[in-house]
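Every read-out reported here was derived from the displayed coordinates using simple, explicitly stated rules and does not represent laboratory data. Note that the structure is predicted; figures quoted are calculated from it, not measured. Neighbour counts are summed over all protein chains in view; Cβ atoms, including those assigned to glycine, are modelled from backbone coordinates with ideal geometry.
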Amino acid sequence: MTRFVFITGGVVSSLGKGIASAALAALLQARGYKVRMRKLDPYLNVDPGTMSPYQHGEVFITDDGAETDLDLGHYERFTGVHARRADNTTTGRIYSDVIARERRGDYLGGTVQVIPHITDAIKDVVVAGTEEYDFVLVEIGGTVGDIESLPFLEAIRQLRNDLGHNQTMCVHLTLLPYIPSAGELKTKPTQHSVKELQNVGIQPQVLLCRSDRPIPENERRKIANFCNVRSEAVIAALDVDTIYACPISYHNEGMDREVLRYFGLPFEGSPDLTRWEKIVHAIREPEGEVKVAVVGKYTALLDSYKSLAEALLHGGIANNVRVKLDWIESEEFEKSGDIAERLKDADAILVPGGFGERGAEGKIQAVRYARENGIPFLGICFGMQMAVIECARSLAGLTKASSTEFGPTSEPLVGLMTEWANGNELMRRREGGDLGGTMRLGAFPARLAAGSRAAEIYGTTDIRERHRHRWEVNLHYKDRLEKTGLRFSGMSPDGVLPEVVEYPDHPWFIGVQYHPELLSKPFDPHPLFAGFIGAARKRAESK
Ligand code: GLN
């Protein structure tokens, strides 16, 4: 039997609903249950693919090529279960599907309405493909009371009747603010938020209350009384120093116990949480510290680099060091020019993914600084493309080297495949003749050159990594660049698309066309991040 846990949020946003959901999933997993996680996003965009990184943060890419909400990254990092396209749905997606069906005539002349047509479509995506799981955790984006979330709330209300109360439950995440002048935690916002839920017919069974201190017994009882839940089901979600302490902290507060008890499952004893204890220990008691400069362009909203920041932290766990991140807006270098001063403390430099010309020159300068000064360097996606352009300009004498992403250029080191592979021998070699021309999204295999640093780091020559980009490094420049010492050490299996470049005579310099940060887990740090932070540690210790 598959059990559904619906997770809603109240009072304010940014309470960490995604992490709370992921931590609960990790606890159920530690109890031996098979879990799957889903997210329903109330906004009208069909997916977050076109949304600004400043508004929405990172777009998380699944193996099957879906552009999804960044919470799916948390789900994967806490459970290790890879998300699929079907695990993230938006209002825009639901409506566009229903309207497409209406245009096809599927409703046979009926009046198409929010109830039942939209809510039926929502219920279908919630339950589709969940048979093999013990638990499906479904997070509803946004906050209770938003007009946009109403159809989703109505759908889960109906699902509780359709599937039965023994197969579904609702967990509501709220805030208990501490008011210093009163000297107490205030329960009123939680009461109001639960009322709001009850107004749409939903009674939560567990309240997860974000709080900066333990909830006193009388406040707990008060919440229980006013919100119609058992007092033990009022769980404190205490502030923690690292998100990876959440599974342990929630367990100590009784979260998994209450969920299992509700479903009539055995809840005594403790799950094995050694995995999380080890991670938390490594984060809290590192042996040293490294400083990594991240030279990007969306540093005003660090959620844009969510998976990257986590993967760097995982690299620190693998090397027993604290990773201090210095987020630098690459345009700074274009203005001040004093790059050496700004980067002098960096033990390693990373240029992440990005879109558009703004800040590109500053990133190219950062690449050059890392290359010339033997500083460990990792270039990801756009960062790899800039590393190739820097090589062309500084070492191969191609002073006009650029990317067609920035406009027409006489030296398209980076271009669309339709620009540099169309109608030539490469097109025939390209599997199925597919030249893309659209975003390359999802997991693709690549082959690493035997004996390369990349192959050594991965411990294999066959890898599979997730991509999100439109432009590619132009293979026609390979020979000229390799003469300068840059090695094309990873290629698509058909040999057409450069996927990894490295300088063998540099202490640690790697550029990758894919996004390794999307696959890193705290309990299984990605080899590239483990290697990169290892190189940073070496440099820090030699200083
Ligand atoms: N803008 C570049 C491209 O589309 C790089 C994208 C990225 O870094 N994710 O190819």
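Calculate the length of the line joining the C-alpha centroid of region 198-255 to that of region 380-420, in whole Å. What the calculation gives is 53 Å, centre to centre. The Rg/Rh ratio of region 82-145, with both radii computed over alpha carbons and Rh defined as the Kirkwood radius, is 1.02.
Each residue of region 153-165 was assigned a 3J(HN,Hα) from its phi angle through the Karplus expression (A = 6.51, B = -1.76, C = 1.60, θ = phi - 60°), giving 5, 4, 5, 6, 4, 5, 4, 5, 6, 5, 8, x, 6 Hz with x at Gly and Pro. Length available on full extension from ALA86 to VAL112: 0.36 nm per residue minus the Cα-Cα distance, which gives 7.0 nm. Summary of the geometry: region 496-520 and region 1-55, compared by the centres of their Cα atoms, lie 31 Å apart. Working note: Karplus 6.51/-1.76/1.60 with θ = phi - 60° gives region 99-109 the couplings 5, 4, 5, 4, 5, 6, x, 4, 8, 6, x Hz, where Gly and Pro are set to x. For LYS278 and GLU372, the FRET efficiency from 1/(1 + (r/R0)^6), where r spans their Cβ atoms and R0 equals 51 Å, is about 0.85. Fully extending the segment from ASN166 to SER52, taken as 0.36 nm per residue of separation minus the present Cα-Cα distance, adds 37.0 nm.
Given axes a ≥ b ≥ c from the Cα gyration tensor, I'd like to know whether region 349-457 is rounded (a/c under 1.5), prolate (a/b larger than b/c) or oblate. Judged from the Cα gyration tensor, region 349-457 comes out oblate (a/c at least 1.5, b/c at or above a/b). Across region 112-126, coupling constants 3J(HN,Hα) worked out from phi with the 6.51/-1.76/1.60 Karplus curve, θ = phi - 60°, read 8, 9, 4, 10, x, 6, 5, 5, 4, 4, 5, 4, 4, 6, 5 Hz, and Gly and Pro carry x. Per-peptide packing, taken as the mean over residues of other Cβ atoms within 10 Å, places 237-247, 280-290 in the sequence 237-247, 280-290 from highest down. Amide H contacts under 5 Å for GLY9: VAL144, LEU173, restricted to partners 5 or more places along the chain or on a different chain, H placed in the peptide plane at 1.01 Å from N.
Averaged over residues, the count of other Cβ atoms within 10 Å places the peptides 468-476, 22-30, 183-191 in the sequence 22-30, 468-476, 183-191, highest first.
Computed over the alpha carbons of the chain, Rg followed by Dmax gives 25.2, 76 Å.
When the Cα gyration tensor is reduced to axis lengths a ≥ b ≥ c, the ratio a/c is 1.5 or higher for region 306-360, and with a/b not above b/c it is classed as oblate. Working note: Debye formula, equal point scatterers on the alpha-carbon atoms of region 119-170, no solvent; log10 I(q)/I(0) at q = 0.16, 0.24, 0.29, 0.30 Å⁻¹ is -0.47, -1.03, -1.34, -1.38.
Using 0.36 nm per residue and subtracting the Cα-Cα separation, the extra length available between GLU285 and SER231 on full extension is 15.9 nm.
In region 20-140, Rg over Rh equals 1.01, where Rg is the alpha-carbon radius of gyration and Rh the Kirkwood radius from pairwise Cα distances. When you count the other C-beta atoms within 10 angstrom of each residue and take the mean per peptide, 535-543, 32-40 line up highest first as 32-40, 535-543. Between region 459-494 and region 314-357, the alpha-carbon centres lie 23 Å apart.
What residues of region 112-143 lie in the reach of a label at LEU301, counting those whose backbone N is under 20 Å from a point 7 Å from the Cα along Cα→Cβ? Residues 140-143 fall inside that zone.
Amide H to amide H, with H built 1.01 Å from N, TYR503 comes under 5 Å of ARG487, PHE509, counting only residues 5 or more places away or on other chains.
Here the dipole of region 203-280 is about 220 debye; that uses its Cα centre as origin and unit charges on the Cβ of Lys and Arg (positive) and Asp and Glu (negative). Compute the label zone of TRP327 within region 271-311: residues whose backbone N is under 20 Å from the point 7 Å along Cα-to-Cβ. Counting backbone N atoms under 20 Å from the label point, the list is 290-311.
Taking amide H positions as placed 1.01 Å from N in the peptide plane, with prolines and chain starts having none, which residues 5 or more places from LYS521, or on another chain, fall under 5 Å of its amide H? Placed amide hydrogens put HIS526 under 5 Å from LYS521.
For region 201-282, a/c is not less than 1.5, where a ≥ b ≥ c are the root eigenvalues of the C-alpha gyration tensor, and a/b does not top b/c. That puts it in the oblate class.
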